1. Are any of the residues in segment 61-81 more than 22 Å from Lys113 (Cβ to Cβ), at pLDDT 95 or above and part of a loop (DSSP other than H, G, I, E, B)?
2. Hey, does segment 73-83 have a residue that's surrounded by 14 or more Cβ atoms within 10 Å (Cβ to Cβ), without any contact (Cβ under 8 Å) to a residue 24 or more places away in the chain and within 12 Å of Leu125 (Cα to Cα)?
3. Of the conditions (1) within 21 Å of Pro135 (Cβ to Cβ); (2) at pLDDT 95 or above; (3) among the aliphatic types (A, V, I, L, M), Leu41 fails just one. Which one is it?
4. Conditions: (1) part of a loop (DSSP other than H, G, I, E, B); (2) in contact with a Gly (Cβ under 8 Å, 6 or more places away or on another chain). Leu28 meets all but one. Number of the miss?
5. Within segment 35-60, which residues are within 20 Å of the chain's Cα centre (by Cα), loosely packed, with under 12 Cβ neighbours inside 10 Å and assigned to a loop (DSSP other than H, G, I, E, B)?
6. Would a scan of segment 105-121 turn up a residue that is closer than 17 Å to Gln154 by Cβ, surrounded by fewer than 21 Cβ atoms within 10 Å (Cβ to Cβ) and of a type in the set (Val, Ile, Thr)?
7. If we keep just the residues of segment 16-32 that are over 19 Å from His165 (Cα atoms) and at pLDDT below 95, which is farthest from the chain's Cα centre (by Cα)?
8. With Trp147, Trp167, Trp133 as the choices, which residue is in contact with an Asp or Glu (Cβ under 6 Å, 6 or more places away or on another chain) and either under 14 Å from Ser24 (Cα atoms) or aromatic (Phe, Trp, Tyr) (or both)?
Amino acid sequence: MRFDLTGKLLISTPAMGDPRFDHSVIYLCAHSEEGAFGLVLNRPVPRLTMADVMEQIGIDDARTTGSAVVLSGGPVETQRGFVLHAGAVSDDDPTGQALPGGLVLSASTDVLKLIGKGAGPTQWLLALGYSGWGPGQLEQEIAQNAWLTCSAPQALVFDPHPGEHQWRDALKSMGVDPVSLSSVAGRA
C-alpha cells in the first residue's frame, strides 16, 4: 500500500457506481493493506434520535442528547453502534481507539453513558453500521475516480445538522465546485 488515508475524508464523486454512497462523505477510521473502515457522516437515520437509542440499550439518562440525530454509518453491521468523538482515550472508555486529528473511535456503551450524563466529550456523533472495503478495494475505487480524499476538519465531521450540504462543503474545502464534477472517469 502506498498511502494511509486513516483520518481523512472520502467524498463520493458522480463516478461512484453504488447508489448507497451517492453524495456521501465518509470519515476513514482505518486504512491499511488489510482494507478500510469508515463512517458515513452525512446520512441521518430517519425518525431515530439519540434518546431512542439510549432507551433501547437501557441508558436512562439522556438529558443532554435527546434530540441528537443518529447517523447511518454504512451498510455493514447496521445494528452495531460506533461513537466518534473529539478528545483523548480515557480510563472511562478503555476500548477507545485514538485516531489522527485528536479523534477517538469507540464501540462501547460506556462512552454513551458519559455523554448521556453530560460528562462525556462535547463533540461526538453516533453511527449505526459502517462502511468497509477489502484489501485493495478502496484503492481501486479511488483509481476509478469514485472517491476524492481530503483532510477532515472537525467542524465538518461534527456538523450539528448532518446532510447533503456536508458533501458540498467537503468539496469546497478542496476548491472543487460540485457542479464541475463529471460522471465520466478518464485518464490524461
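The values are calculated or read from the model by the stated rules, or taken from the named source; none is laboratory data. On a predicted model such as this, the values are computed, not experimentally measured, just so you know. Here the Cβ is made from the backbone with ideal geometry for all residues, glycine too, and neighbour counts use every protein chain on show.
1. yes
2. Checked segment 73-83: no residue is surrounded by 14 or more Cβ atoms within 10 Å (Cβ to Cβ), without any contact (Cβ under 8 Å) to a residue 24 or more places away in the chain and within 12 Å of Leu125 (Cα to Cα).
3. The number of the failed condition is (1).
4. (1)
5. Once the filter is applied, which keeps residues that are within 20 Å of the chain's Cα centre (by Cα), loosely packed, with under 12 Cβ neighbours inside 10 Å and assigned to a loop (DSSP other than H, G, I, E, B), segment 35-60 yields nothing.
6. No, segment 105-121 has no match at all.
7. Gly17
8. Numbers: Trp167 fails: in contact with an Asp or Glu (Cβ under 6 Å, 6 or more places away or on another chain); Trp133 fails: in contact with an Asp or Glu (Cβ under 6 Å, 6 or more places away or on another chain).
Going through Trp147, Trp167, Trp133 in turn, the sole match is Trp147.
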